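Notes to accompany the following structure.
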Amino acid sequence: MTPTPEDLSTPRTGIAVFGSTNMDHVVYVDHPPARSETVTGHDFRTIPGGKGANQAVAAARAGAREVTMIGAVGNDPHGAALRTALTSSGVDTDSLRTVEGLSGTAHIVVDATGGRAIAVIPGANSTVSALAAGDEAVIASAGTLLLQLELPLPGVTAAAEAARRNDVRTILTPSPAQPLPPELLAVTDLLIPNQIEAQTLTGHTDPHEAAAALLAQVPAVLITLGVHGSLYAARDAEPLLIPAPPVTAVDATGARDAYVGALAVALGEGRTVEEAMNWATAAAALCVQEIGAAPSMPYRAAIDTANEAARLH
């Protein structure tokens, strides 16, 4: 059964995340180096991250009833630290495998405006090319499945197909951008690219045109536009543009993951798409004002306060 756009606001609590877990190695610089250029940074931090783990932490801190992480870490010190970071934020890691070898890492350069460039080494994430025993049961027990593209595509597709078999809403963040197989798009309920990814997927620089093109493949699209907010479009519905509040960004690394995690929680609670987008926008705005990815994911009370302040203004 393919959910309609209206089904996005049907209450279904519990979130499963089939995604990456990385240790981020973050360098802070005044400006990013050009090719062959060396620059001097002013800070370095090792911070838990990975798009899947970020979204899991974001959802847990935003108040999801239950969040389960499905993926893999290595049997190295990073793996143990990543697992501890997830559990300390309330994420169930029983389905997070430990495999021989190194955990995934991301190497991130953050400039003075909060912009970033990222290179990811998959490590243990590259082993998650299929569902393991028990994964489908975990997905079936959730209301929403969050997916990204830092795990092998066959595994991501298998997880999405398991969600469809069990009538679980599927939200896909198509990052890092790459061609998406038709079988994955066929079982995606909501696609959340940023503007660059939307352009990569469609060839359209205008987000409205990109959204219209993507709706030929999925029933609903939400394009994040950074400081310009976010654009939602669904078949047979008017587009919805939600602005972003003006904030001073320190580190935008996990902003979309904060947005997606909070959005999934809000939709799972039965809020309208517009209400969910406003709440998720508040979460992302809080995230970019802090350093790091997973550690910067805001808690529910802070999101509520920021959302109310934005509403009053």
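Note on VAL247 and TYR299: the model spin-label points, each 7 Å out from Cα along the C-beta direction, lie 1.7 nm apart. Kirkwood's formula applied to the C-alpha pairs of the stretch 64-106 gives a hydrodynamic radius of 10.5 angstrom.
Rg(Cα) of the chain divided by 2.2 N^0.38 Å? Provide the component values of the computation, followed by the final result.
Details: Rg = 18.0 Å, N = 313, 2.2 N^0.38 = 19.5 Å.
The value comes to 0.92.
Sorted largest first, the spans of the alpha carbon positions of the stretch 118-269 along the three principal axes are 45, 38, 33 Å.
May I ask for the net charge around ASN75, where only other residues with Cβ less than 12 Å from the Cβ of ASN75 are counted and Lys, Arg are +1 while Asp, Glu are -1?
Values: positive: ARG83, ARG97; negative: ASP76, GLU100.
Computed value for this residue: 0.
Derived scalar couplings between HN and Hα for the stretch 166-178 equal 10, 6, 9, 4, 10, 10, 10, 9, x, 9, x, 4, 6 Hz in order, rounded to whole Hz, by the Karplus curve 6.51 cos²θ - 1.76 cosθ + 1.60 (θ = phi - 60°), x for Gly and Pro. The alpha carbon centroids of the stretch 176-238 and the stretch 99-149 are separated by 21 Å.
Report the full-extension gain for the segment ALA112 to ARG97: residue separation times 0.36 nm, less the Cα-Cα distance, to one decimal in nm. Extra length from ALA112 to ARG97 when fully extended: 1.7 nm.
Assuming R0 = 41 Å, what is the FRET efficiency of VAL227 and SER129, from their Cβ-Cβ distance, to the nearest 0.05?
Approximately 0.65, to the nearest 0.05.
Using every Cα-Cα pair within the stretch 190-260, state what percent have a distance larger than 16 Å.
On the way: 1105 of 2485 pairs.
Summing the P(r) tail past 16 Å for the stretch 190-260 gives 44 percent.
For the chain, a Gaussian network of Cα nodes joined below 10 Å ranks GLU275, GLU150, GLU238 by mean-square fluctuation, and the top entry is GLU238. Peptides 287-295, 109-117 ranked from most to least packed give 287-295, 109-117, packing being the mean of other C-beta atoms within 10 angstrom over each peptide's residues. The ranking of LEU241, LEU82 from fewest to most other beta carbons within 10 Å of each one's beta carbon is LEU241, LEU82.
Each value in this text was obtained by applying a stated rule to the coordinates, not by laboratory testing. Only a predicted model underlies this, so the values are computations on that prediction, with no experimental measurement involved. When we count neighbours, we look across all protein chains shown, and the Cβ atoms used for this are built from the backbone with ideal geometry, even at glycine.
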